[in-house]
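Here the structure comes first, spelled out in structure tokens, and everything after it is commentary.
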Amino acid sequence: MRITRIGGPTALVEWEGWRILTDPTFDPPGRTYSFAAGTSSRKTTGPAVALADIGEVDLVLLSHHHHADNLDDAGRAGLGVARTVLTTSAGAKSLSASGAHRDVRGLGAGDTITLTAEGKPDLVITATPCRHGARFTRPIVGPVIGFTLSRVGGAHPVLWMTGDTVMYGALRRVAAGMHPDVALVHIGAVKFPLTGPLAYTMDADDAVELIGLAEPDTAVPVHVEGWSHFSQQEEAAARVLDAAPGPVRERVRWAPLGEPIDLP
């Protein structure tokens, strides 16, 4: 597997001929975006790889469509580079209605779909649960999902993209004993001045717990830089992960922005 971290939650995953793009964000830095309930954030870092340099991809994994730090304007316009887009049911309805893509499919947590492509192994994709904030905030923050990708009949996923989520019971249950080959772990500890201490994504301490539960061969942190509402940026998160117990620390591998890394 080869992973290229592009910025924020965006990464290009290449595996067995499949080219998979996660949460496309390709706008330049400097703009402030509005979020729910009067909150906002400024994009501070542009993509490490330009959309024009990505080329065609087989699949976009979109954890949710309604926040610009997971799908910005350039990312939305660029969905056409993909053959298929998988996202939430609400996201599929919205993107289909807007004509953003001809093949957008919606999933809820626990739903599974199998994709086929000539010359590539069949890919079994299952949506995993996310809660993008404190309890009872879903009407404000909207639905989010993660994804596992597996071979047909595979005992464990080859990839888990956690999506934007806080640590909570359903996430712990699905993570326990998962043993994915690679986990893309969304952190950043998203917070807004308007809502004080409430967090909307995991921080690095949560990631330590999650990695300990899921026991991936390799955990690659993403969604940890590039936006002003990420209250725990990469340097601070790295200090926590570097201090984690050995069985967790040894699984973590940082992907330098824009530089492909090859994983066994």
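The values are calculated or read from the model by the stated rules, or taken from the named source; none is laboratory data. Keep in mind that what you see is a predicted model, and the values were worked out from it rather than measured. Positions of Cβ are backbone-derived with ideal geometry, glycine not excepted, and every protein chain shown enters the neighbour counts. Note: accessible area is taken over every heavy atom of the protein model, side chains too, but ligands, DNA and RNA are not part of it. Shrake-Rupley method; radii C 1.70, N 1.55, O 1.52, S 1.80 Å.
Overview of results
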| quantity | calculated |
| --- | --- |
| Accessible heavy-atom area order of 81, 224, highest first, probe of 1.4 Å | 81, 224 |
| Dipole magnitude (debye, nearest 20) for segment 1-70, charges at Cβ of Lys, Arg, Asp, Glu | 340 debye |
| Unit charges on C-beta of K, R, D, E only; dipole of the chain, Debye | 740 debye |
| GluC sites (Glu not before Pro) within segment 1-91: DSSP coil, no more than 12 neighbouring Cβ in 10 Å | 16, 56 |
| Residue (of 79, 51, 65) at the positive-pole extreme of segment 21-109, dipole from beta-carbon charges | 65 |
| Residue 249 versus residue 2: modelled label distance in nm, points set 7 Å from Cα along the beta carbon direction | 3.2 nm |
| Sparsely packed chymotrypsin sites (Phe, Trp or Tyr not before Pro) within segment 51-160, loop by DSSP, other Cβ within 10 Å at most 12 | 136 |
| Whole-number percent relative contact order across segment 49-111, with pairs defined as alpha carbons under 8 Å at least 6 apart | 31 percent |
| Listed residues 145, 222, 245: farthest to the positive end of the dipole of the chain (Cβ charges) | 145 |
| Heavy-atom accessible area order for 150, 94, 231, largest first, 1.4 Å probe | 231, 94, 150 |
| Length-normalised contact order for segment 94-226 - Cα pairs under 8 Å, 6+ apart - percent | 19 percent |
| Trypsin sites (Lys or Arg not before Pro) restricted to DSSP loop in segment 79-126 with at most 11 other C-beta within 10 Å | 102 |
| Cβ-derived FRET efficiency at R0 25 Å, residue 94 paired with residue 122, nearest 0.05 | 0.30 |
| Antiparallel DSSP beta bridges within segment 53-177, as percent of all bridges there, nearest 5 | 65 percent |
| Accessible carbon and sulfur surface of the chain relative to its total accessible area, %, 1.4 Å | 51 percent |
| Cut-off 20 Å, label 7 Å out along Cα→Cβ of residue 238, residues of segment 173-192 by amide N | 183-190 |
| Spacing of the two label points (7 Å from each Cα toward its C-beta) at residue 34 and residue 16, in nm | 4.5 nm |
| Given (1) 1.13; (2) 1.33; (3) 0.91, the label whose value is Cα Rg over 2.2 N^0.38 Å derived from this model | (3) |
| Inter-probe distance in nm under a simple model that places probes 7 Å from Cα toward Cβ, at residue 209 and residue 138 | 2.0 nm |
| Segment 132-184, relative contact order in percent, only Cα pairs under 8 angstrom and at least six apart counted | 34 percent |
| Cut-off under 5 Å, modelled amide H: who pairs with residue 82 long-range | 57 |
| Probe 1.4 Å, protein heavy atoms only - accessible area per residue of segment 183-264 in square angstrom | 42 Å² |
| Backbone N within segment 23-43 under 20 Å of label point (7 Å from residue 53 Cα along the Cβ vector) | 23-30 |
| Test item: Cα-centred dipole of segment 168-264, Lys/Arg +1 and Asp/Glu -1 on Cβ, debye | 320 debye |
